[in-house]
């Protein structure tokens, strides 16, 4: 049985009650679970450690390994024949893009701690940069869905008047609940670093999804700031160290 969500404290109760082992992993179809935790892990927020039979590195845009603790793209290779895919069927361009310098490039950003545990940060294509600060859409979404009336959320970048990105979220409400933009913004402002707080909020009945229920952020990014988007700058809501956009 597999779930695509981080472990919570209730997992301890789950494996004790049902007598099963629970693991956290990072996996893609192409790479066969290079990161795996110990059974019933107690360290929250991590995907686990590198398993035997694979090499894993975190690298920058030039494929140079980053300093321990810094964020980098995870690249993977294996010492076992056919332990990973060798390319994409009839798609040499995608194969060449993923397999560079002898390593498979996952397109996912991680950081590693001194104990060897890996922490997922974001998909590279979903990462944002606002006023010199790198922002994880995954972390933004985690704070947004903590709001009691939010059922689901997607965070993504839209172009900023100052260059780089502004942060936008699209949210869907819990059944029979209504989301007040300003109240949600105040909630986020109390929980998040100032540079992560979204500028824009859009409320939808449902977020666009694939048949496998993954949110289609590329659709939301393409739609951008719409006529029904709420902008906190227009309501003069700013946070520490922010200045008004003229």
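Read the figures in this text as sums done on the coordinates, not as results from a lab. Bear in mind that the values here come from a model prediction, so they are computed numbers and not experimental data. Neighbour counts are summed over all protein chains in view; Cβ atoms, including those assigned to glycine, are modelled from backbone coordinates with ideal geometry.
What 222 nm value per residue comes from the helices of the chain, counting each DSSP H run with n ≥ 4 as -39,500 (n - 2.57) and dividing by all residues, nearest 500 deg cm²/dmol? Intermediate results must be reported in sequence, preceding the final value.
Details: 5 runs with 42 residues, N = 246.
Value at 222 nm, helices only: -4500 deg cm²/dmol.
According to the calculation over all Cα-Cα pairs in the stretch 1-125, the P(r) per 5 Å bin from zero is 2, 10, 20, 21, 19, 13, 8, 4, 2, 0 %. With Rh defined as the Kirkwood radius, the inverse of the mean 1/r over Cα pairs, the Rg/Rh of the stretch 127-235 is 0.93. Once both labels are positioned 7 Å from their Cα atoms along Cα-to-Cβ, the gap between residue 17 and residue 44 label points is 1.8 nm. This ranking places 135, 25, 237 by how few other beta-carbon atoms lie within 10 Å of each, fewest first, which gives 25, 237, 135.
Peptide packing for 74-85, 51-62 was compared via the average number of neighbouring C-beta atoms within 10 Å per residue; ordered from the highest value, the list is 74-85, 51-62. Taken along the Cα-to-beta-carbon direction at a fixed 7 Å, the label points for residue 80 and residue 223 span 4.3 nm. The ranking of 22, 121 by Cβ neighbour count inside 10 Å, starting from the fewest, reads 22, 121.
Each label was represented as a point 7 Å from its Cα along the Cα-to-Cβ direction; for residue 142 and residue 96 these points are 3.8 nm apart.
With 0.36 nm allotted per residue and the present C-alpha distance subtracted, the residue 175-residue 204 stretch has 9.2 nm of extension available. I need the shape label for the stretch 39-91. Rule: rounded when a/c is under 1.5, else prolate if a/b > b/c, else oblate, with a, b, c from the alpha carbon gyration tensor. Oblate, since a/c reaches 1.5 and b/c is not below a/b. If each Cα of the chain is one equal point scatterer, what is log10 of I(q)/I(0) from the Debye formula at q = 0.09, 0.10, 0.12 Å⁻¹? With one equal scatterer per Cα and no solvent, log10 I(q)/I(0) is -0.47, -0.58, -0.83.
Using a 10 Å cut-off on Cβ atoms, rank the peptides 218-224, 106-112, 184-190 from the highest mean neighbour count down. Each step should come with its number before you reach the end.
Working: 218-224: 14.1, 106-112: 20.0, 184-190: 17.1.
Those peptides, ordered most packed to least, come out 106-112, 184-190, 218-224.
Ranked highest first by average number of other Cβ atoms within 10 Å, how do 139-147, 197-205 line up? It would help to have the intermediate numbers written out before the result.
On the way: 139-147: 18.0, 197-205: 19.6.
Peptide ranking by packing, descending: 197-205, 139-147.
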